[in-house]
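First comes the structure, then the notes that go with it.
We did not get these values from a lab; they are worked out from the coordinates using the rules stated. These numbers were taken from a predicted model, which means no experiment stands behind them. With ideal geometry, Cβ positions are generated from the backbone for all residues, glycine too; neighbour counts draw on all protein chains shown.
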Amino acid sequence: MSPKQKPSRKALPSGLPGPDDTVRTVLPNGITVLARANFNSPSVVIGGYLQAGSLFDPDEKLGLADFTALALMRGTERRSVQQIFDALESAGANLSFSAGAHTTGFTGRSLSEDLTLLLSTLAEALRQPTFPAEQVEKLRAQLLTGLSIRAQDTADMASLTFDQILFLGHPYARPEDGWPETIQAIHRKDLVAFHRRHYGARSMIVAVAGAIEPQQAVEEVQKALGDWQNPDQPEPPALPPLNPLKQTTVRKVKIPDKSQSDIVIGTNGPFRKDPEFMPASLGNSILGQFGMSGRIGNVVREKSGLAYYAYSSLSAGIGPGSWEVSSGVNPGNVKKATDLICKEIARFIKKGVSEDELADSQSNFIGRLPLSLESNAGVVNAMLSIERFDLGLDYYRRYPDLVRSVTTEQVVLTARKYFNPDLLAIATAGP
Amino acid sequence: MNNLYHEHILANGLKVMLKEISTAPIVSSWIWYRIGSKDEPSGHTGISHWVEHMQFKGTPRYPASVLDKAISRDGGMWNAFTYLDWTTYFETMPSDKIDLALRLEADRMVNSTYASQEVASERTVVISEREGSENEPLFLLGEAMQQAAFRIHPYHHEILGDLADLKSIRRDDLYQHYKTYYQPNNAVLSIAGDFKSRAMLKRIRELFEKIPSGSPPPRLARPEPSVRGEHRLTVEGPGETTYLQISYHTPASSHPDFFPLTVLDSLLAGPSSLNMFGGGGISNKTSRLYRALIEKELAVSVNGSLSVTADPFLYTLTLTVHPRHTSEELLSAFDDEVKRIQDEPAPQQEITRAIKQARALFAYGSENITNQAFWLGHAEMFASYEWFLTYLEKLAGVTPADLQKAAQDYLRPQNRLVGTYHPTNTREAA
């Protein structure tokens with residue numbers, strides 16, 4: 001056993017993952033496996049994804065990728081839903097699937113003694129699901145109930161409406177979990193066909209972190225999934241260009257009898273791989289994250305007492321991202337809060353940020369790194385980001401320098417590139 | 001997980017719990033005060049939670065704007081929680097930065113300002129927090145259940161407080177509450193992570209021991225008399241989904257019956273995680289109620305909650321009613337399942353399985369230093385840290401007979417409340 005395979009006790013004092021303690025292997029069928037050991041607790045976490053997201057969903061069957069993902073463990077060629085979950089739950093293990101726009105993801109955890117069970121269940125669900133008709137109908141009723149709860153959730157509806165404004169005419173405008181009528185339109189044969197066509201090992205990623213030697217983790221994944229092939233698997237569809245907003249657009253969803261309204265205000269953001277990602281991220285911290293939610297929190301919550309939560313967030317992924325401010329306020333205060341937030345965004349673009357503000361957020365980004373990588377789940381997420389966005393296995397070692405190299409000028413230029421106070425998407429949901 | 005820890009009581013009564021964990025360069029520090037919503041008389045409901053908010057508004061040494069940034073600048077995570085029995089504040093920091101958290105907590109134990117304008121702006125923030133919660137059907141139902149379950153005991157009211165009180169509580173009420181309950185002799189400091197206990201204790205003494213102890217804070221001793229029959233209630237509100245809650249009166253968490261009840265919950269509704277941070281849960285698709293109610297499409301979800309409390313509280317099952325059925329049909333099938341566990345002893349194998357699940361959840365939680373520091377102090381709020389350390393052992397000691405007896409003693413209709421949330425936007429199936 002080489003020292004590389006016993007990393008967690010010999011890692012750098014910071015414990016940050018790097019090329020010397022993270023194993024990355026591509027199996028012959030195209031699966032990339034990432035693994036890192038952590039013997040501090042007798043548990044393991046797995047995570048990963050395959051190229052079968054909701055981008056493949058036809059409009060009239062929106063939610064198909066997610067429905068398929070959620071139905072994978074409802075019965076396989078070998079076992080019933082009760083047998084599958086009896087084995088998992090009896091071991092105190094957990095495994096679940098869900099679909100995003102680009103990928104269908106999975107996440108699971110177990111005691112390290114049960115990793116084989118976890119991986120064999122993963123393989124069985126991915127490769128041999130049978131979508132029993134009775135289970136499909138049960139799941140459909142659960143999904144529909146979930147959607148009727150979503151329709152009553154002011155935060156969910158404001159966020160969904162915001163995406164519809166911002167990504168008009170683009171697939172990102174569509175909610176991955178669909179609509180009641182599209183979930184009703186999906187037949188069992190659609191699930192079977194979606195699975196047959198889109199599920200496959202090519203470009204699939206599996207990450208494992210926990211109390212197991214990385215090489216052994218790779219071998220376990222190889223054993224479970226190494227012989228999986230699907231020659232028909234299509235290339236992921238290309239994203240159409242974005243239609244930029246032509247004017248500030250305001251839309252309100254009425255949800256009667258609620259005591260609070262939710263507001264989402266924002267614009268587009270960078271791709272994760274854009275060089276502007278880090279300046280935007282630090283700018284976002286100053287705008288609506290740092291301390292008690294940055295400048296937005298200070299103005300909306302601390303000074304005005306208008307809201308329990310008010311913050312900004314940057315979502316950056318494979319395609320164009322979004323950069324938005326969210327808050328929940330009394331229905332009578334929607335206009336006041338909206339005006340305050342828009343004013344703060346305008347000030348952010350016009351005046352930029354101070355050296356002190358930037359230094360504070362840089363220090364926060366670097367200081368919090370060990371905390372975000374403390375648990376197996378944190379390490380799995382980090383490895384998946386590295387892979388999805390080509391960050392390099394040494395990313396977290398380089399991270400402090402990357403953060404420190406950002407200047408106030410870069411932050412303001414990035415903010416101006418994306419934010420225009422006259423071109424905002426504004427969505428509210430409430431009574 | 002190692003079980004070594006150090007326990008000290010300072011001259012002023014502050015209890016210090018220290019646990020060295022060197023898995024990551026992180027320290028998590030929690031200060032616990034024995035004050036929660038259960039010591040609030042009517043007229044002052046929600047005051048403990050509001051005081052918790054005010055504790056972030058600064059002291060002369062650390063004004064709000066400074067306090068606000070200091071922890072974040074060092075890459076720390078911090079927050080606070082108010083519960084039925086306690087209020088707690090924590091900071092999880094890179095280990096070389098934890099001194100800041102200790103200085104800050106020692107300072108705000110005594111020196112918080114409670115400026116009038118801060119009280120005014122925070123009044124609308126706590127009201128907004130309540131309004132946000134009122135958007136949730138299960139908050140509305142849960143609040144009504146709690147009020148009906150406790151006529152005498154102050155578990156009667158919601159931690160967030162009643163709107164009438166949030167409108168009328170004054171600055172001096174808040175300050176008085178703070179001065180009465182924020183005392184070293186009413187607090188526990190629990191710290192876990194990458195440090196040496198000896199040096200840590202020395203530093204704690206320097207910062208905290210000079211704070212004078214106060215007179216023992218007043219308590220509302222109003223035990224709930226035993227219940228005499230089932231209560232039923234309905235709540236109406238917006239939505240399309242019907243919810244059913246069934247709450248059984250249960251003993252305090254330090255009571256020996258808490259352990260058979262924990263196993264009972266695991267069998268009925270699936271294993272619940274004790275982890276406050278990290279870990280995640282385990283699905284419950286093979287639990288008895290899932291098989292009897294969800295597989296049979298009477299409900300679309302089931303969840304069991306046995307709260308950890310200092311005084312007797314509730315074991316609550318929350319069910320989302322299937323759109324094709326009524327809450328009455330669901331309740332009847334639920335009762336059949338409860339009767340089964342009362343009439344027939346559960347197979348030992350089912351109990352063994354619940355223990356393995358609890359062991360796995362424990363292992364998941366131990367990945368997280370913040371979670372470990374949380375339990376080091378939290379357990380002191382209703383029992384002692386030994387409760388947490390022997391938790392798995394006590395669960396493993398539960399026999400089929402214990403389980404059956406707990407089901408017979410506690411899951412009686414006479415010992416429960418049944419609440420239904422009726423959505424106004426739709427109707428239940430006929």
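Can you figure out the FRET efficiency of A:Ala185 with B:Asp96, using R₀ = 51 Å and their beta-carbon distance, to the nearest 0.05?
Values: r = 58 Å, r/R0 = 1.13.
After rounding, the FRET efficiency stands at 0.30.
Over region A:3-225, what portion of Cα pair distances is larger than 26 Å, expressed as a whole percent? Write out the running numbers ahead of the final one.
Values: 10652 of 24753 pairs.
Here the long-distance tail beyond 26 Å is 43 percent of all Cα pairs in region A:3-225.
Taking the inverse of the average 1/r across all pairs of different Cα atoms in region A:268-314, what Kirkwood radius in Å do you get?
After inverting the mean inverse Cα-Cα distance, the result is 11.0 Å.
Calculate the length of the line joining the C-alpha centroid of region B:368-384 to that of region A:363-431, in whole Å.
32
Compute and list, largest first, the equivalent-ellipsoid semi-axes of region A:154-213 from the alpha carbon gyration tensor, each √(5λ) rounded to a whole angstrom. Could you put the intermediate results ahead of the total?
On the way: eigenvalues 174, 92, 33 Å².
Whole-Å semi-axes of the equivalent ellipsoid: 29, 21, 13.
Between B:Lys210 and B:Ala164, what is the spin-label point distance in nm, taking each point 7 Å from the Cα along the Cα→C-beta axis?
4.6
Using alpha-carbon pairs under 8 Å, 6+ residues apart, how would you state the relative contact order of chain A in percent?
Details: 841 pairs, mean separation 96.1, N = 431.
22 percent.
Work out from phi, with θ = phi - 60° and the Karplus expression 6.51 cos²θ - 1.76 cosθ + 1.60, the ³J(HN,Hα) of each residue of region B:89-103, listed in order in whole Hz, and give x for Gly and Pro.
In residue order, the calculated couplings are 10, 9, 9, 10, 10, x, 4, 7, 10, 5, 4, 4, 4, 5, 4 Hz.
Can you give me the Kirkwood hydrodynamic radius for the protein assembly as shown, using every pair of distinct Cα atoms, in Å to one decimal? Working shown, then result.
Values: mean 1/r = 0.0350 Å⁻¹.
Averaging 1/r across every pair of different Cα atoms and inverting gives 28.6 Å.
Quick one: Karplus J couplings for region A:290-307, per residue in order, coefficients 6.51, -1.76, 1.60, θ = phi - 60°, nearest Hz, x for Gly and Pro?
4, x, 8, 6, x, 5, 4, x, 5, 6, 7, 9, 5, 7, 9, x, 8, 8
Do the alpha carbons of any pairs in A:Lys246/A:Lys303; A:Lys254/B:Lys285; A:Lys273/A:Lys343; A:Lys303/B:Lys38; B:Lys15/B:Lys38 sit beyond 28 Å of each other, and which pairs?
On the way: A:Lys246/A:Lys303 33 Å; A:Lys254/B:Lys285 36 Å; A:Lys273/A:Lys343 30 Å; A:Lys303/B:Lys38 31 Å; B:Lys15/B:Lys38 22 Å.
Where the Cα-Cα span goes over 28 Å, the pairs concerned are A:Lys246/A:Lys303; A:Lys254/B:Lys285; A:Lys273/A:Lys343; A:Lys303/B:Lys38.
At 0.36 nm per residue, and after removing the present C-alpha to C-alpha distance, how many nm does the segment from B:Ser254 to B:Arg61 gain when stretched out fully? Let's see the in-between values first.
Details: separation 193, 0.36 × 193 = 69.48 nm, distance 3.98 nm.
Additional length available on full extension: 65.5 nm.
If you take the Cα Rg of chain B and divide it by 2.2 N^0.38 Å, with N the number of residues, what do you get?
Normalised Cα radius of gyration, chain B: 1.02.
Do you know the relative contact order of chain B, to the nearest whole percent, from alpha carbon pairs under 8 angstrom that are 6+ apart?
23
For region A:256-394, count all C-alpha to C-alpha pairs, find those more than 27 Å apart, and express that count as a whole percent of the total.
Details: 2680 of 9591 pairs.
Here the long-distance tail beyond 27 Å is 28 percent of all Cα pairs in region A:256-394.
Under 20 Å from the Cα of B:Lys167, which aspartates and glutamates turn up, not counting those fewer than eight places away in the same chain?
A:Glu302, B:Asp39, B:Glu40, B:Glu52, B:Glu118, B:Glu122, B:Glu129, B:Glu131, B:Glu134, B:Glu143, B:Glu158
Only Cα pairs within less than 10 Å get springs; with that Gaussian network setup on chain A, which residue of A:Asn420, A:Asn243, A:Asn29 has the largest fluctuation?
Maximum among the listed residues: A:Asn243.
No solvent, one uniform scatterer per C-alpha: report log10 I(q)/I(0) for region B:231-423 via the Debye equation at q = 0.11, 0.19 1/Å, two decimals.
So the normalised log intensities are -0.51, -1.37.
Give me A:Arg398, A:Arg24 ranked fewest to most by other Cβ atoms within 10 Å of their Cβ, as a rough exposure proxy.
In increasing order of surrounding Cβ atoms, one gets A:Arg398, A:Arg24.
Could you give the C-alpha radius of gyration of region B:17-81 expressed as a fraction of 2.2 N^0.38 Å, taking N as the number of residues it contains?
1.43
Can you tell me, using C-alpha contacts under 8 Å and at least 6 residues apart, the relative contact order of region B:231-423 as a whole percent?
40
I need two numbers for chain A: Rg to one decimal and Dmax as a whole number, Cα atoms only, in Å.
Expressed in Å, the Cα Rg and Dmax of chain A come to 22.8, 66.
For chain B, set up a GNM with springs between Cα atoms under 10 Å and report which of B:Asn275, B:Asn135, B:Asn185 has the largest fluctuation.
B:Asn135
Evaluate 2.2 N^0.38 Å with N set to the residue count of region B:6-208, then give the Cα radius of gyration divided by it.
Values: Rg = 17.8 Å, N = 203, 2.2 N^0.38 = 16.6 Å.
Against the compact-globule rule of thumb, the ratio is 1.07.
Over 18 Å apart: what share of the alpha carbon pairs of region B:223-338 falls there, rounded to a whole percent?
56
When the gyration tensor of region B:113-233 is built from Cα positions, what are the square roots of 5 times its three eigenvalues, in whole Å, from largest to smallest?
Value: 34, 22, 17 Å, ordered largest first.
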